[in-house]
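Let me begin by presenting the structure, written as structure tokens, before commenting on it.
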Amino acid sequence: MNEKLWGGRFSQSTDDLVEKFNASIDVDKRLYDSDIEGSIAHVKMMAKESIIPETDARTIIEGLEKVRKKIENNEIAFSASLEDIHMHIEDALGKEVGDVGKKLHTGRSRNDQVALDVRIYLKKETRLIIGLLTGFQKALVTMAQKHLDVIMPGYTHLQRAQPVLFSHHLMAYYEMFKRDIQRFEDCFKRIDVMPLGAAALAGTTYPLNREFTKELLCFSKVSDNSIDSVSDRDFVMEFIAHASIAMIHFSRLSEEMILWSSSEFSFITISDSFTTGSSIMPQKKNPDVAELVRGKTGRVLGNLINILTLMKSLPLAYNKDMQEDKEPLFDTVDTLKICTDVYTRMFGNIEIHKDRMFNACKHGFLNATDLADYLVSKGMTFRQAHAVAGQAVAHALDQGKELDDMTIQEFKALSELIEKDVYEFIEIDKTISRRITYGGTGFDNVKQAVKKAAGELGLQ
Ligand code: ARG
């Protein structure tokens, strides 16, 4: 005799190990709230359509509210024998209201139920994540506002390339996170589809009013195909893909935080509250937060491969494999949330060393392109000018000088076109102010970009 909710056709009880193996309760218990919300809507709809009597619906709803409280007060013991959160709630409901509770699962399968629960959960989490990412954008823009005119070396190949504004560099991250938010907003539309009514896969014989359930649960649309409704996990794959890109953005920023806080760079100091020491080396102050975020990027990318591999080649419709979708999803949600949160807090606790940044611009010929541009302004073609500026760099290197230290005679030996005004032309400040193209690092352009972003975010 089998006591399972699905045990009717079984004559032997489930093997103990299989019971443990099959259970997902340890993972899916976090869906309890979404599950109860979905069940209440289903019951209200069934009463409206006279599929069950109004009085029964009221009893079931009161029972479900009690179950919710009990779960919140840890008064319900979770056990592998009840498999998943859906069966635990149905079982607890039965204990609250008796046999009438058995009407809840009319016209419904765990297949459409779990699809609904995950969608309710992920809508909430996506909104929260968009809010957190926006909070981090505020931290980026606030820092850019505070250090608007600070000049630092811009890098390519991690070699000093051309001077840029530190604020411009920060605003590059603002743009990345803006696209991340847009991606989440876009995928929200596809999460926001109500699958209940698909039942096991084929729809049901009861006259369910799916539009009404959709309205009660504040979904934007009802799913159009019952087979797709129970087998679609595109929205999970999409969400984790977008989270992976956001984490990659955080990992790039982390790498920079780690480099910049090293004594080799010394561009920034991260406050003590966001760093840790070493158990053996007393002098150490390690950028653990940035390192951990960089490391945790790996688990989110792993989650993406996990869900993609899980779904690959699965025949329609529901397959038990899909129970495994929750671990990568929940881990992604948790990881992205905590990383965004901790970064937002850490950003208010970073000191900027503008002199170190500026001094770094003075070494390494960051104004060599400007020398070429100078020659172009005097009538030379750019390719020729590039060669002359290259010769100037070779000469300066040979003499142990920077371009600014070369005498006018040394310059003239390379090109008669060079006059004394070259010195002003290649000054670091000037190299910034002359970069007037829209989107470039010119002072006015960055000021406008920061102002626009502050406006978008409702900052001053
Ligand atoms: N725990 C299951 C899951 O997460 C619920 C759906 C089970 N459906 C089934 N036909 N066994 O996928």
Rounded to 10°, Cα long-axis angle of helix 443-457 versus longest principal axis of the chain: 20
How large a share of the accessible area of the stretch 146-298, in percent, is made up of carbon and sulfur atoms when the probe is 1.4 Å and the other protein chains stay in place? 54
Expressed in angstrom and rounded, the centroid-to-centroid distance over alpha carbons for the stretch 23-79 and the stretch 163-185 is 43
Rounded to the nearest percent, how much of the accessible area of the stretch 379-460 (1.4 Å probe, protein heavy atoms only) is carbon and sulfur? 55
Enter the accessible area per residue of the stretch 86-153 (Å², integer; probe 1.4 Å; all protein chains in place). 33
For residue 451, the lysines lying under 17 Å Cα to Cα, once residues fewer than eight places off in the same chain are dropped, come out as 138, 146, 178
Rounded to the nearest 0.05, what FRET efficiency is calculated for residue 73 and residue 49 with R0 set to 25 Å and r the Cβ-Cβ distance? 0.15
Determine the order of 89, 227 by accessible area, beginning with the largest, at a probe radius of 1.4 Å. 227, 89
Going through the stretch 333-434, which GluC sites (Glu not before Pro) have at most 16 other Cβ atoms within 10 Å and a DSSP loop state? 416, 419, 427
If the cut-off is 24 Å between C-alpha atoms, which lysines fall inside it for residue 420, apart from same-chain ones fewer than 8 positions away? 362, 378, 401, 412, 430
Roughly what angle does helix 234-260 make with the longest principal axis of the chain, taking Cα atoms, 0 to 90 degrees, to the nearest 10? 30
Which FRET efficiency value, to the nearest 0.05, is calculated for residue 212 and residue 423 with the Förster distance at 56 angstrom and r the Cβ-Cβ distance? 0.15
Roughly how tilted is helix 326-347, in degrees to the nearest 10 and between 0 and 90, from the longest Cα axis of the chain? 40
Within straight-line cross-link reach of residue 189, aspartates and glutamates at Cα separation under 14 Å, skipping those fewer than 8 residues along the same chain: 125, 234, 238
Quick note, the stretch 34-127: a/c under 1.5 would make it rounded; otherwise a/b > b/c is prolate and the rest oblate (a ≥ b ≥ c, C-alpha gyration tensor); here it is oblate
Show me 91-99, 450-458 ranked by packing, highest mean number of other Cβ atoms within 10 Å first. 91-99, 450-458
Can you compute log10 of I(q)/I(0) for the chain with the Debye formula, treating each Cα as one identical point scatterer, at q = 0.13 Å⁻¹? -1.14
Using only alpha carbon pairs under 8 Å that are at least six residues apart, calculate the relative contact order of the chain and give it in whole percent. 15
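The values are calculated or read from the model by the stated rules, or taken from the named source; none is laboratory data. Remember, it's a predicted structure, so these values are computed and weren't measured experimentally. Note: ideal-geometry Cβ built from the backbone for every residue, glycine included; neighbour counts use all protein chains shown. Please note that ligands, DNA and RNA were not included when accessible areas were found on the heavy atoms of the full protein model with its side chains. Shrake-Rupley method; radii C 1.70, N 1.55, O 1.52, S 1.80 Å.
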